[in-house]
Amino acid sequence: MTYTIHDKGLSTEISWKNKDSYGKSIPTRNRAQLYRLRKWQRRIRVSNATERNLAFALSELDRMASAMGLPRNVRETAAMIYRKAVNKNLIRGRSIEGVVAASLYAACRQCGVPRTLDEVGNSSRVGRKEIGRTYRFMTRELKLKLMPTKPQDYVQRFCSELKLSGEVQTKAAEILKDASEKELTSGRGPTGVAAAAIYISSIMCNERRTQREVADVAGVTEVTIRNRYKELTEKLGIEIQL
């Protein structure tokens, strides 16, 4: 059973191959009948407006999740959140795409693979503003308990996109651990802090990446990286040769 299909994957499906259960080819005289059966099967699977809504929304969810390279458990969680929203009638007056994108964003946070609103917005047909607004509304109405994302959650993904070694990743994690102990991460955007830590550790491990490269991967500006980088090096007493 899967929640990512509107009927939970429990209905039968008539295969598009013109072969019977033994693998023998179906005679030509019966093919027209099989074509009609297929057509009616497809129509019956989606019987009312709610199912039509679910079928469209879940196919859109699958498209977005594939574009973002998200694992199966995130897709299932997002589908569950979307179904809860439908049951509570939260879709009314909102675009299906917006609710799907907000469900996916919430599922990413719930499963510990956070994506930024910009990343979700790039894969969706709606802007980040609408996704953020719908997400806040849904967390309030569905009482979703989501912890704020931490800079540590982004380190692994950013490092792999920048093709940096495990050593850089470990060093960045150490910097962030020290920073959170000294409360340098609270009230700052987690992606910016993570990006600055990666930038510092890449220089320390002789795998230097430019601020521009790190900023592009993290989806923040170079100014943000410079500000966070100065804060971290000064407050943690890190000396690096530029």
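The values are calculated or read from the model by the stated rules, or taken from the named source; none is laboratory data. Everything numeric in this text was worked out from a predicted model, so none of it was measured. Neighbour counts are summed over all protein chains in view; Cβ atoms, including those assigned to glycine, are modelled from backbone coordinates with ideal geometry.
Summary table below
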quantity: Residue within region 137-151 that is surrounded by 15 or more Cβ atoms within 10 Å (Cβ to Cβ), among the polar types (S, T, N, Q), touching a Lys or Arg at 6+ places or on another chain (Cβ under 8 Å) and in a loop (DSSP other than H, G, I, E, B) present; calculated: yes
quantity: Every residue from region 204-242 that is farther than 13 Å from residue 155 by Cα, among the aliphatic types (A, V, I, L, M), out of contact with any Asp or Glu (no Cβ under 7 Å at 6 or more places or on another chain) and in a helix (DSSP H, G or I); calculated: 204, 223, 225, 232
quantity: Those residues of region 110-136 which are assigned to a helix (DSSP H, G or I), under 22 Å from residue 216 (Cβ atoms) and of a type in the set (Ser, Thr, Tyr), in sequence order; calculated: 123
quantity: Those residues of region 55-78 which are of a type in the set (D, E, K, R) and touching a helix residue (DSSP H, G or I) at 6+ places or on another chain (Cβ under 6 Å), in sequence order; calculated: 60, 75
quantity: Exclusive hit being of a type in the set (Gly, Ala, Ser), assigned to a loop (DSSP other than H, G, I, E, B) and either under 30 Å from residue 102 (Cα atoms) or not assigned by TED's automatic domain parsing to the domain that holds residue 69 (or both), set 201, 186; calculated: 186
quantity: Of the criteria (1) over 26 Å from residue 148 (Cα atoms); (2) surrounded by 14 or more Cβ atoms within 10 Å (Cβ to Cβ); (3) free of Cβ contacts under 8 Å to residues at least 24 places away in the same chain, which one residue 239 fails; calculated: (2)
quantity: Residue 112 vs. criteria surrounded by fewer than 17 Cβ atoms within 10 Å (Cβ to Cβ), farther than 20 Å from residue 73 by Cβ and at pLDDT below 90; calculated: no
quantity: Lone unmet requirement of (1) modelled with pLDDT under 90; (2) of a type in the set (Lys, Arg); (3) not in a loop (DSSP other than H, G, I, E, B) for residue 94; calculated: (3)
quantity: Matching entry among 103, 160 (being without any contact (Cβ under 8 Å) to a residue 24 or more places away in the chain, part of a helix (DSSP H, G or I) and polar (S, T, N, Q)); calculated: 160
quantity: Filter result for the condition that a residue is of a type in the set (D, E, K, R), free of Cβ contacts under 8 Å to residues at least 40 places away in the same chain, farther than 19 Å from residue 167 by Cα and exposed (fewer than 14 other Cβ atoms within 10 Å of the Cβ), over 222, 181; calculated: 181
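For every residue, the table says whether it meets (1) modelled with pLDDT under 85; (2) at positive phi; (3) surrounded by fewer than 13 Cβ atoms within 10 Å (Cβ to Cβ).
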residue	(1), (2), (3)
24	yes, no, yes
33	yes, no, yes
51	yes, no, no
59	no, no, no
62	no, no, no
65	no, no, no
